[in-house]
1. Normalising by the residue count of region 228-315, find the relative contact order in percent from Cα pairs under 8 Å and 6+ residues apart.
2. Going from most exposed to least, what order do Phe129, Phe279 have by accessible area with a 1.4 Å probe?
3. If the limit is 21 Å between Cα atoms, which of Lys206/Lys336; Lys139/Lys206; Lys203/Lys337; Lys15/Lys203; Lys206/Lys341; Lys46/Lys247 go over it?
4. For region 213-290 and region 57-116, what is the centre-to-centre distance using only Cα atoms, to the nearest Å?
5. Beyond 26 Å between alpha-carbons counts as too far, so tell me which of Lys141/Lys204; Lys113/Lys141; Lys86/Lys141 fall in that bin.
6. Tell me, what is the FRET efficiency for Ala241 and Val68 to the nearest 0.05, using R0 = 45 angstrom and their Cβ-Cβ distance as r?
7. Under unit Cβ charges (Lys, Arg +1; Asp, Glu -1), what dipole magnitude, rounded to 20 debye, does region 141-294 have relative to its Cα centre?
8. Note down the relative contact order for region 4-151 as a percent, whole number, built from C-alpha pairs under 8 angstrom at least six residues apart.
Amino acid sequence: MEIEKPTGGAAAVEKRIFLIINCIILAIGNCGGPLIMRLYFLHGGKRIWFSSWLETGGWPVILIPLLVSYTRRRRANPGAQLILMKPRLFVAAAVIGILTGFDDYLYAYGVAKLPVSTSALIIASQLAFTAVFAYFLVKQKFTAYSTNAVVLLTVGAAVLGLHTSGDRPEGESNKEYLTGFFMTVAAAVLYGLILPVVEYTYKKAKQPVTYTLVMEIQLVMCFFATVVCTVGMIINKDFQAIAREAKGFGLGEARYYIVVGWSAIIWQGFFLGAIGVIFYSSSLFSGILISVLLPATEVLAVIFYHENFQAEKGVSLFLSLWGFVSYFFGEIKASKKEKMKLKNTTTGDDQILEAQLTHHTPAHEP
């Protein structure tokens, strides 16, 4: 399997630029998605399958960059293929999409039933699951810095769990609360598996993996996840309830449709950014970035929803940033070490070649 990533000095810079772009897209989706979903529930939204559908229902947005990519390929090569994905990879992306659809429902159920701080705490634990699955599936190598980052980010998430019992929604039964809790735990475990599975799929694709192909994978994943949620909406009769729910929405009917529309678009940013980061880096880094954005989401919730900013959230933010810096410091050291090793190897080869040339050069007699 060949993953077509940039090589060389200028190409390495290009790779970092695209990695940064995907990090920004992921950050917007990771922070904006839960906030806008919470906005839906805070002002009268109650349809869990519908909110799950919105997480991947914006998949047609991916057609725009795919069309641009095809136009550029067609300009360079008139015989360029419209679709790069082969059947084997299509099936793998479809299976991952089905798993994502169920994960969407588990996550949406947790957001609907649990306080933001509690659901965020549980979801952040997915980093530990991502690390474990990445170790077994893609043989992810851990350094002292990456291990330190995982520990700090996990502890930072755990700190958010302090005093969450006081945030339990009024009028909610213990059964509903516990169901929401375990559903969210299941969502964390499942998505912790999905990230390394995506990276494993890249490695076993048996075709060159380009960013265009990554977008095709994203489209297929989200399409099948949306199919799963559509079936759930049909069974739960959510389609018939949308118009009625819009009329009773706390912010008004027009804003209801604005909220759900932007929700679909912003969540696409999360999924596209996540698999883009995996492509340009690794599933572990994607999981680390998702976890480090957790306190940022909490801060935004304080700003937009006037939630209390307890000391625990400040400590969590500090630990998360510390873990993130630790990971990057380790990556920088590893990169310098690799460059030094490559330089020494090149220098050694040059010295051997010079010695061989000297040895085989005949001496000039006077």
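The values are calculated or read from the model by the stated rules, or taken from the named source; none is laboratory data. As the structure is a prediction and not an experimental result, all values here were calculated from the model. So basically every Cβ, Gly included, is an ideal-geometry build from the backbone, and we count neighbours across all protein chains shown. Areas reflect the complete protein model, heavy atoms only, side chains present, ligands, DNA and RNA absent. Shrake-Rupley method; radii C 1.70, N 1.55, O 1.52, S 1.80 Å.
1. 10 percent
2. Solvent-accessible surface, decreasing: Phe129, Phe279.
3. Long pairs (Cα-Cα over 21 Å): Lys206/Lys336; Lys203/Lys337; Lys206/Lys341.
4. 11 Å
5. Lys113/Lys141; Lys86/Lys141
6. Taking R0 as 45 Å, the efficiency between Ala241 and Val68 is 0.75.
7. 400 debye
8. 25 percent
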